[in-house]
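> Structure in structure tokens, see below.
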Amino acid sequence: MRKITLFDKLKYWFDNVMAKGAIVLILWLMLISLLVVLVSSASMKLTAQVLEDSRGDQGSFSDLFWMNLSTVLEPGLAEGGSWTFKLENFTVAMMGILLVSTLIGLITAGIEDRLQQLRKGRSFVLEQNHTIILGWSSQIFTVVAELVIANANQRRPVIAILGDADKVEMEDQLRERVKDLKNTRLVIRSGSATEPNDLDLVNPYSARSIILLPPETDSPDSAVLKTLLALTKNLPPTQHTCQIVTCLQDVRNRSVAKMIGKDKVTVVMVNDLLARLTVQTSLQPGLSSVYTELFDFDGDEIYFKAEPGLTGKTFADALFAYVDSAAIGLHKAHGPTLLNPPLTTPIEAGDKLAVISADDDTIRLTEMSPQAIAEEAILAQTHRRGIQQRQILLLGWNHRAPFILAELGRYVAAGSSVTVVDDMEETLWRQEVLWEESSNLQIHYQSGDISSRTVLESLDIPSYTQILVLSRSNLRSLQEADERTLVTLLHLRDLCEQLHCAVSITSEMMDTRNRKLAAVTQTDDFVVSQQMVSLLLAQISENPQLNDLFDDLLDVDGSEIYLKPIGIYVHTQHPLNFYTLVEAARRHNETAIGYRLMRHSSNPERQYGVKLNPNKAEKIQFTPDDFLIVLAED
């Protein structure tokens, strides 16, 4: 057994002191400096008296103390005096050089260490009423960009981000992808959203809203639920907290999330949402642009507004109550939100109108001119044809495909069929489907690589009424998935030109930046999965009440958005204002919310021809190829 000496104890004590950091070491150096000055001053005074040295005895002890303190802080040799005085002065100067250089080194190291800690993003966020984004994924760029637009009319808004990546890298990527932050300030911290100590860095219990982004892993729901547990771990039961918005893939986890967060958590079911969007868009080309306009903050959004001036009137009156806003529903004071309710539905005290408008302060009641509606242009109601049989070609497979098939079965007529083509083994495909075929939709499977020209040529392309191309989201990156989709679309375009067939093609994209590249394929419509989810999360974080409204809007039951030929409503020989179109749709028990001009259908700068909430007094020249965008039960 080793014998512990006094030197070992002193060395151990010194090591512990050194390990306590720069602040403790600086304090020790200051104490040592004072001791050196005190001892040297006393020594000089004593030796001056013994040796009768006039240089050392020319001042009081305080004068010697100040002289030695100056020598320690600014080392230098005094002139004159005995050799004893000179030796003592030299010793003090050398000690000063040692102490000052060490002090400077410690201060420099301390500052560098602090800067390094700041670069790591581990300091506390001292903000109030801020928006928090938990998690780092490809969705964050769209979410931040949308929140920046939403915060434009706010005073000094702050977005705090907690991601599991390097802080500097996150800042660089956001700076590259989100060019203009306007008046919004970003505060970025590095840490895990599943760790309570890391969550505390962004001060979650003082935030206005929290957006919880799922990680891009095979089991994102587990991480989301764990983060919800971490968020509620230290929260007193009676304390009010902000609204938490997140998304899950498995519907069975929804009740668990609600159990953890209760009424403070709003959950968006990703697979269900994207399946509905994909199916509706595939049946109505151009619909994804409508939903993008409705979901994002750049343009018009949905707001809830109480209108005491309309109390006692009906929803039909509300349709014409605004010139630059569009009423689409009614939120009853003691009931649900009704989209496109019966026109005779009364507006009672406490009710709120669901209105599409540029901002909440642009919703203003206006008077309509009695001559605004062109009665002579409105067509009488005609018989509508019923739901038609469809032969659908589904190219590709991902975890959302079973939801898409189930949703298709709710829309198509009996006798419809879908042919699935993918390079997955059929036995594995059968296991993954996990659902029974509906009476309306028959499913067939064919094995093959959808990016292969040979496989696509073997398919009878003209026999299908529509083609739906899905992204392989299980590939290594979003870009790789979109590259595969782009190759497939290019082959399809070439085949359609060779076969002289016009088949409606709808494609799923993962990255919104690739949509512009895909425009060359002349595909009828695109559903950008990540973008749609991100837009919806940003909207709901600002107004949680929208979650139920969007859920109702995307459900096959009740009213949905349709693009219908404008020729079934009005004559198009002369320019018409939107008041006339609203009245024409009202006579069909529908709510008109916009139009699509097909002459701009390929122009992204004109939103592919989609215009929501147009000024009702402005006249537009329509053509028979254009569409009216309506809320209807069909």
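The values are calculated or read from the model by the stated rules, or taken from the named source; none is laboratory data. Please read these numbers as outputs of a predicted model, since none were measured by experiment. Backbone-built Cβ (ideal geometry, glycine too); neighbour counts: all protein chains shown.
> Do we find a residue being surrounded by fewer than 18 Cβ atoms within 10 Å (Cβ to Cβ), in contact (Cβ under 8 Å) with a residue 24 or more places away in the chain, within 19 Å of LEU147 (Cβ to Cβ) and not aromatic (Phe, Trp, Tyr) anywhere in segment 208-228?
yes
> Sticking with this structure for a sec: Which pairs do you get when a residue that is assigned to a strand (DSSP E or B), found in segment 248-272, comes within reach of a residue that is at pLDDT 85 or above and among the small types (Gly, Ala, Ser), reach meaning Cβ atoms under 9 angstrom, with the pair 6+ apart or on two chains?
Note: pairs meeting the criteria are LEU248/ALA257; VAL265/ALA257; THR266/SER541; VAL267/ALA257.
> Which residue is nearest to LEU273 (Cα to Cα), if the candidates are limited to segment 551-595 and must be in contact (Cβ under 8 Å) with a residue 40 or more places away in the chain, in a helix (DSSP H, G or I) and not aliphatic (A, V, I, L, M)?
ASP552
> Pick from ILE140, ILE149: which is hydrophobic (A, V, I, L, M, F, W, C) and surrounded by 21 or more Cβ atoms within 10 Å (Cβ to Cβ)?
Numbers: ILE149 fails: surrounded by 21 or more Cβ atoms within 10 Å (Cβ to Cβ).
That would be ILE140, the only listed residue that is hydrophobic (A, V, I, L, M, F, W, C) and surrounded by 21 or more Cβ atoms within 10 Å (Cβ to Cβ).
> Still on this structure, I have one more. Any idea which residue in segment 566-597 is surrounded by the fewest Cβ atoms within 10 Å (Cβ to Cβ), counting only those that are within 17 Å of ASP300 (Cβ to Cβ) and touching a strand residue (DSSP E or B) at 6+ places or on another chain (Cβ under 6 Å)?
Only one residue tops the list, namely TYR595.
> Of all residues in segment 457-482, how many are out of contact with any Ser or Thr (no Cβ under 7 Å at 6 or more places or on another chain), in a helix (DSSP H, G or I), surrounded by 15 or more Cβ atoms within 10 Å (Cβ to Cβ) and free of Cβ contacts under 8 Å to residues at least 60 places away in the same chain?
Result for segment 457-482: 0.
> Specify which of the listed residues (LYS332, LYS352) is under 26 Å from LEU294 (Cβ atoms) and touching a Lys or Arg at 6+ places or on another chain (Cβ under 8 Å).
One residue alone meets the criteria, LYS352.
> Also, quick follow-up: Output the qualifying pairs, or none if there are none: Cβ atoms under 7 angstrom, residues six or more apart or on different chains, first residue in segment 596-608 and within 16 Å of VAL527 (Cβ to Cβ), second residue modelled with pLDDT of 80 or more and not basic (Lys, Arg).
GLN607/SER289; GLN607/GLU293; TYR608/GLY286; TYR608/SER289; TYR608/HIS600; TYR608/SER601
> Moving on. Tell me which residues, restricted to segment 244-273, are of a type in the set (A, V, I, L, M, F, W, C) and either assigned by TED's automatic domain parsing to the domain that holds PRO544 or within 17 Å of ILE211 (Cβ to Cβ) (or both).
Initially, segment 244-273 is screened for residues of a type in the set (A, V, I, L, M, F, W, C), giving 244-245, 247-248, 251, 256-257, 259-260, 265, 267-270, 273.
Selection gives ILE244, VAL245, CYS247, LEU248, ALA257, ILE260, VAL265, VAL267, VAL268, MET269, VAL270, LEU273.
> Within segment 408-435, can you find the residues that are modelled with pLDDT of 80 or more and either of a type in the set (S, T, N, Q) or under 18 Å from LEU395 (Cα atoms) (or both)?
Listed by number, the residues that qualify are LEU408, GLY409, SER416, SER417, VAL418, THR419, VAL420, VAL421, ASP422, ASP423.
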